[in-house]
1. Which ones in region 59-72 are open to solvent by less than 50 Å² (accessible area, probe 1.4 Å) and either assigned to a helix (DSSP H, G or I) or small (G, A, S) (or both)?
2. Would you check if there is a residue in region 356-372 being closer than 22 Å to G140 by Cα, in a helix (DSSP H, G or I) and at pLDDT below 90?
3. Can you tell me which of D148, D198 is of a type outside the set (F, W, Y), more than 27 Å from D363 (Cβ to Cβ), open to solvent by 40 Å² or more (accessible area, probe 1.4 Å) and modelled with pLDDT under 90?
4. Is there a residue in region 167-187 that is modelled with pLDDT under 80, open to solvent by 20 Å² or more (accessible area, probe 1.4 Å) and basic (K, R)?
5. In region 114-142, which residue that is closer than 22 Å to Q297 by Cα and open to solvent by 20 Å² or more (accessible area, probe 1.4 Å) is nearest to the chain's Cα centre (by Cα)?
6. Residue pairs, Cβ under 9 Å, 6 or more apart or interchain, first in region 336-356 and in contact (Cβ under 8 Å) with a residue 40 or more places away in the chain and β-branched (V, I, T), second in a loop (DSSP other than H, G, I, E, B) and open to solvent by 30 Å² or more (accessible area, probe 1.4 Å). List them.
7. Residue by residue through region 40-58, note down the ones that are aliphatic (A, V, I, L, M), surrounded by fewer than 21 Cβ atoms within 10 Å (Cβ to Cβ) and touching a residue at least 12 places away in the same chain (Cβ under 8 Å).
8. Hey, can you tell me all the residues within region 285-299 that are outside any loop (DSSP other than H, G, I, E, B) and within 22 Å of P264 (Cα to Cα)?
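The values are calculated or read from the model by the stated rules, or taken from the named source; none is laboratory data. Model, not experiment: these values are computed from the prediction. Positions of Cβ are backbone-derived with ideal geometry, glycine not excepted, and every protein chain shown enters the neighbour counts. In case anyone asks, the SASA skips ligands and DNA or RNA and just uses the protein heavy atoms, side chains included. Shrake-Rupley method; radii C 1.70, N 1.55, O 1.52, S 1.80 Å.
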Amino acid sequence: MRILFSSLEAYGHTFPLVPLALAAQRAGHTVHWAVGERMHPVLAEQGFTPWAAGMSIRAAFDQAVSEDPSVSSTEAVKADTVAHRDLVRRAFTELIPQAFETDLVPVIDRVAPDLVVSEAASFGALKAAQVAGIGVVTHGFGRGIAFDRDTPEVTLLDICPPSLQEPEVLTRRGRVPLRPVAFAADGPLPPIAADGDDHRPLVYVTLRTEFGNARVLGEVATGIASLGTRVLVAVGPSVPLDALGPLPDGVVVEAWVPQAEVLPHASAIVHHGGSGTTLAALAAGLPQLLLPQGADQFDNAAALVAAGLATQLVGPAAHPESIRAAVAELLAPTAAAAGRRRAVVTEIDAMPSPDAIVADLRDLARPVTDLSSVPRQELPTTWR
């Protein structure tokens with residue numbers, strides 16, 4: 001088969017789909033991918049054929065801000081998505097889908113795919129597939145329904161463990177569980193993680209790609225280093241390597257690390273609560289300290305804390321002393337906390353693998369006949 005994947009131009013929206021695409025490739029299918037050009041190099045490295053489509057999240061925010069004189073900047077929107085939820089809604093549910101629909105119609109005509117796998121927030125891909133009369137499968141990237149918009153007639157591949165998923169998703173018609181598999185582009189494992197002779201605990205710290213914050217990362221590293229641990233900080237593309245300033249011994253700062261390879265070496269993780277990192281840390285059975293910065297991260301953090309799977313620090317409560325204390329507690333877990341993490345690992349391992357789902361993809365694909373079932377609603381109040 002020829003399968004066309006589509007996702008928003010962001011690592012957190014694209015990488016969760018890669019394991020299924022790799023499984024499709026292993027099964028002998030040809031994989032094309034419609035997404036913004038920032039994602040093209042890593043997708044091409046995996047052997048997929050990328051096609052330029054859609055509008056970047058940044059460009060959509062910029063356009064939404066330019067059309068609303070009451071907002072000073074895109075950064076103001078990112079800093080307070082609750083106050084500006086109308087602009088965020090416009091970016092994700094109008095501007096980006098319109099761009100995808102426009103770009104995907106000729107791509108579909110040229111590729112002639114047998115089916116489309118649409119990331120759950122790539123709403124424009126659903127419309128383009130409807131126009132072409134091609135079957136679609138939607139692929140979730142975390143908890144809940146993306147932006148409260150759903151097409152119930154289409155199969156949803158749900159990568160969230162059931163114990164953490166929202167009830168309305170668990171009872172959704174056409175929900176198919178799919179095991180979340182961590183993916184990161186290939187690269188060398190940093191020596192601090194690969195050193196088998198250094199038996200100090202390794203604490204991995206990241207705010208990933210969209211919400212890098214030099215001050216927060218510096219405070220995290222400073223707070224943890226005094227515990228006598230190894231600390232590996234991945235700053236991502238939005239923070240310069242030298243922006244954290246002088247750091248204690250035992251701290252290594254990298255622009256990027258192969259996260260899927262790092263996690264098995266870590267004793268604990270401190271992160272932002274993004275869906276991809278959260279699911280990867282759960283699958284690895286790691287103790288987690290969450291420092292939510294925006295988007296769905298507050299919602300993810302609240303769910304993990306309620307389940308006894310993580311600790312969170314928000315805003316002013318996240319300072320070197322509190323971070324140090326929280327990580328010290330994570331590195332000396334109770335038997336009950338360790339048991340809860342093992343239970344989730346078992347739950348994830350029992351979910352169908354990408355290879356198993358690929359075998360059923362053709363049967364799971366459904367044509368989109370009624371997009372009116374996709375409501376245009378406000379963002380959930382948990383967006384901040």
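1. A59, A60, F61, A64, V65
2. yes
3. D148
4. No: region 167-187 contains no residue that is modelled with pLDDT under 80, open to solvent by 20 Å² or more (accessible area, probe 1.4 Å) and basic (K, R).
5. F141
6. V344/A307; V345/A284; I348/R179
7. V42, A52, listed by residue number.
8. Q288, L289, L290
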